[in-house]
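In what follows, a structure is listed as structure tokens, so that the remarks can point back to it.
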Amino acid sequence: MESASIASGAHAHEHHGPPEAHQSSRIDRQTLGILLFIVSEIMLFGAFFASYFFIRVVANQGPWPPEPYELPVLVAGVNTAILVSSSFTVHLALEGAKRGNRRAMQMGLSATWLLGATFLFIQMNEYVHIGFSARDGAFGSIFYGLTGLHGAHVFVGLMLLTFANIRAYKGHFGTAAKDHLGIEVSGIYWHFVDVMWIIVFVTIYIL
Amino acid sequence: MGVKITESQMFRVVVIVGIAMVPVILLAAIVDPIAGAILFGIELGAGIGYLVQRVRTAAPGPAEVAPVPDDGTHRLLVVANETVGGRSLFAELERRLEGEPKSEILVLVPPLAGSAAEHWSSDIDDAIPEARERLEASVAAMREKGLHVTGRLGDHHDPNQAIEDALKVFPADEVVISTHPPERSRWLESGVIERARAELPQPVTHVVVDLEGETAETR
């Protein structure tokens with residue numbers, strides 16, 4: 001889109017260098033960044049879900065999951081509870097940071113990291129004992145594809161939380177919004193990962 | 001004004017999605033997985049519908065504008081498109097700046113686009129040179145009358161956004177928006193004046209310019 005300006009005589013001045021960055025105030029840069037990221041992630045998960053439903057509804061004949069495979073619903077349910085709990089702890093951490101309660105912030109972040117790591121450990125343990133691999137047909141491929149994709153996101157979230165934890169224990173983060181952006185952004189990402197897992201869990205293990 | 005995504009909002013989403021999945025799980029376990037899938041689909045559709053509705057009906061917040069300096073200069077932001085050369089607008093500006101020892105005017109002309117789609121598909125390419133011509137003529141005419149004036153083409157399909165962007169660099173004391181009469185004005189139809197009054201901290205004056213009437217008077 002083109003724009004132009006006409007300067008009056010008294011105020012005419014030569015402008016050197018590139019034009020000033022034009023930024024819309026409808027949405028700030030940080031929000032736009034996280035929004036675009038989440039939208040791209042939703043599309044990525046959407047592609048995997050599309051594959052899952054194609055395999056299950058169109059390509060599959062007979063029961064689901066195909067015999068003799070069985071999914072450990074109870075273990076996955078407990079794991080879901082663990083991951084959902086971590087959303088509460090990261091929220092507690094941010095509330096602590098906002099109120100200047102450093103201990104609550106540190107405890108919240110540590111608990112979130114531990115719960116996330118436990119989730120990942122249980123999922124890997126599930127992979128070891130589940131009795132089929134990604135090479136065992138389309139079902140195995142899509143199961144490992146979807147849960148593995150989510151696991152990779154949990155891993156990335158754990159990396160973010162690791163840095164947030166280090167910073168929290170080093171005395172970083174303050175009560176002002178700009179001073180606890182590291183927890184805010186990690187929290188947004190972590191909640192997104194949690195929501196995606198709830199949907200993955202219900203889709204794969206329950207429905 | 002502005003869209004925000006916060007951790008608290010995302011936390012609420014986790015809680016809502018978690019609660020929404022309980023009946024899905026129960027239905028799938030007790031009745032049938034298909035019934036659970038249907039409920040899941042209904043909830044998903046309702047959730048997306050709610051979000052869309054929420055975004056569409058979100059109340060405008062205050063605009064982020066440059067602070068007005070106390071330097072004795074009265075600054076006026078004039079927003080107009082086709083009516084930028086209207087005599088009633090000139091008369092209103094002269095009346096407003098009468099007695100002001102020092103004044104500055106920024107004339108903002110956001111080229112007309114009917115919608116975001118029209119804007120992004122560059123269908124308003126013809127409107128831009130036309131808007132520039134009007135702007136140049138108008139600025140020249142105002143300078144002839146001794147007004148201290150600069151001009152700028154807006155680059156957003158949304159006049160309110162163009163106003164806000166201009167106010168970030170031009171700390172106006174007041175805003176004057178010029179439109180056609182109600183029966184011909186797309187800006188009035190889309191509530192540009194009401195939104196400007198709700199969003200801007202500056203007083204907003206609406207000037208109606210009847211170009212057809214002015215032409216008839218000249219004849």
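Brief remarks follow.
- Odd one out for B:LEU51, checked against (1) among the aliphatic types (A, V, I, L, M); (2) more than 26 Å from the chain's Cα centre (by Cα); (3) exposed (fewer than 12 other Cβ atoms within 10 Å of the Cβ); (4) under 27 Å from A:VAL39 (Cβ atoms): (2)
- Looking only at segment A:69-91, residues that are free of Cβ contacts under 8 Å to residues at least 40 places away in the same chain and surrounded by fewer than 18 Cβ atoms within 10 Å (Cβ to Cβ) come to 4 in all.
- Entirely in segment A:91-207, the helices (runs of 4 or more DSSP H) that have 1 or more residues that are away from chain B (no Cβ under 14 Å) and in contact with a Ser or Thr (Cβ under 9 Å, 6 or more places away or on another chain): A:102-129, A:137-169
- Test: residue in segment A:186-202 that is farther than 18 Å from A:GLY96 by Cα and among the small types (Gly, Ala, Ser): no
- Of the residues screened, B:ILE5 is one that is assigned to a loop (DSSP other than H, G, I, E, B), at the interface with chain A (Cβ under 10 Å from one of its Cβ atoms) and under 36 Å from the mean Cα position of the chain (by Cα).
- Within segment A:59-114, the set of residues being closer than 18 Å to A:VAL200 by Cβ and of a type in the set (Gly, Ala, Ser) comprises A:ALA76, A:GLY77, A:ALA81, A:SER85, A:SER86, A:SER87.
- Residue check for B:ILE105: within 14 Å of chain A (Cβ to nearest Cβ) and closer than 22 Å to B:ILE163 by Cβ: yes
- Elements of type strands (runs of 3 or more DSSP E) in segment B:108-219, at least 1 residues being out of contact with any Pro (no Cβ under 9 Å at 6 or more places or on another chain), farther than 18 Å from B:THR83 by Cβ and at pLDDT 90 or above: B:149-153
- For segment A:30-89, a residue qualifies if it is touching a helix residue (DSSP H, G or I) at 6+ places or on another chain (Cβ under 9 Å) and not in a helix (DSSP H, G or I), and the qualifying residues are A:ASN60, A:TRP64, A:PRO65, A:PRO66, A:TYR69, A:LEU71, A:PRO72.
- B:ILE25 being loosely packed, with under 14 Cβ neighbours inside 10 Å, without any contact (Cβ under 8 Å) to a residue 60 or more places away in the chain, assigned to a helix (DSSP H, G or I) and among the β-branched types (Val, Ile, Thr): no
- Tally of residues being charged (D, E, K, R) and either buried (at least 19 other Cβ atoms within 10 Å of the Cβ) or not assigned by TED's automatic domain parsing to the domain that holds B:ALA166 (or both) across segment B:97-110: 1
- Applying the condition of being closer than 15 Å to B:LEU93 by Cβ and touching a residue at least 60 places away in the same chain (Cβ under 8 Å) to segment B:180-213 and asking which residue is nearest to the chain's Cα centre (by Cα) yields B:THR205.
The values are calculated or read from the model by the stated rules, or taken from the named source; none is laboratory data. Just so you know, these numbers come straight off a predicted model, no measurement behind them. Every residue, glycine among them, receives a Cβ derived from its backbone with ideal geometry; neighbour counts consider all protein chains shown.
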